[in-house]
Amino acid sequence: MAETYSKRDVELMREAIEEGKKCTSVDTAYNVGAVIASGDKQKIISTGFSRQYPGNTHAEECALLAIANDKEQVPETSVMYTTMEPCSKRLSGNTPCVNRIIESGIRLVYVGVREPPNFVQCTGVEELTKKGVKVVHIAELEAECRKLNEHIVAK
C-alpha cells in the first residue's frame, strides 16, 4: 500500500471522515465515510456513509449508489476516499465493496485505516491491488478514522 499523498488528498479524506460522523453507531458494524472525487480531485462527485440507505449499506456502496441514483456512470478517472479499507467479505451476503469499486472502474482508492478483524478477515487492499487499483494509505489521519469506531474497536 502506497503512502504518497497530497494536501488535497488529506482535505478529501477529512470530508470522508465528516461523512463517517453521520453514521448511527451499532455494535455489529463499522462507521465509515466515503467520498468520490473527480480525477483532478477538484470536484466531489458523491459521498456516502455506512447505513445511509436501508439494507445495511456500506459507505463506498452508498457513494456509488448516489451516482447510479442520478442515472450517471462513474467517470473512469474518479478517485475514492474511504475512512476504512473497503470490505472484501460481507456477513450479510451483499456484494463486497471491493467488487463494487472494481466494477465501477475506479483505479485509485485512498484509505484511512485497515479493517480490524472484529467481524471478518478483510483482504480489500490486496484484492484491489491484484485488480490494478492503486491503494494509498493516508497515515496522518489514521487516528481520526479509528475514532469513528471507538464503539467497537478498543482504543
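The values are calculated or read from the model by the stated rules, or taken from the named source; none is laboratory data. A quick note: this is a predicted structure, and the numbers were derived from the prediction, not measured. So basically every Cβ, Gly included, is an ideal-geometry build from the backbone, and we count neighbours across all protein chains shown. Heads up: the accessible areas ignore ligands, DNA and RNA and are worked out on the full protein's heavy atoms, side chains in. Shrake-Rupley method; radii C 1.70, N 1.55, O 1.52, S 1.80 Å.
Values for this structure:
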{"quantity": "Reachable lysines, given that their alpha-carbon falls under 29 Å from the alpha-carbon of Lys22 and they are not under 8 places away in the same chain", "calculated": "Lys7, Lys41, Lys43, Lys71, Lys89, Lys134, Lys147, Lys155"}
{"quantity": "Reported label for calculated log10 I(q)/I(0) by the Debye sum over Cα atoms at q = 0.10 Å⁻¹ given (1) -0.36; (2) -0.58; (3) -0.29", "calculated": "(3)"}
{"quantity": "Within the accessible area of the chain (1.4 Å probe), percent carbon and sulfur", "calculated": "48 percent"}
{"quantity": "Within-12-Å neighbourhood charge of Ala29 [Cβ basis; K, R +1; D, E -1]", "calculated": "0"}
{"quantity": "Accessible surface of Ser6 - all protein chains present, 1.4 Å probe, nearest 10 Å²", "calculated": "50 Å²"}
{"quantity": "Residue-by-residue Karplus 3J(HN,Hα) for the stretch 63-72, coefficients 6.51, -1.76, 1.60, Hz, glycine and proline x", "calculated": "5, 5, 5, 4, 5, 4, 5, 8, 6, 10"}
{"quantity": "Of all DSSP beta bridges in the chain, antiparallel share, percent nearest 5", "calculated": "55 percent"}
{"quantity": "Neighbour count of at most 10 Cβ within 10 Å plus DSSP loop: longest GluC sites (Glu not before Pro)-free window in the chain", "calculated": "77-155"}
{"quantity": "Within the stretch 5-84, trypsin sites (Lys or Arg not before Pro) in DSSP loop having at most 14 other beta-carbon neighbours inside 10 Å", "calculated": "Lys21, Lys43, Lys71"}
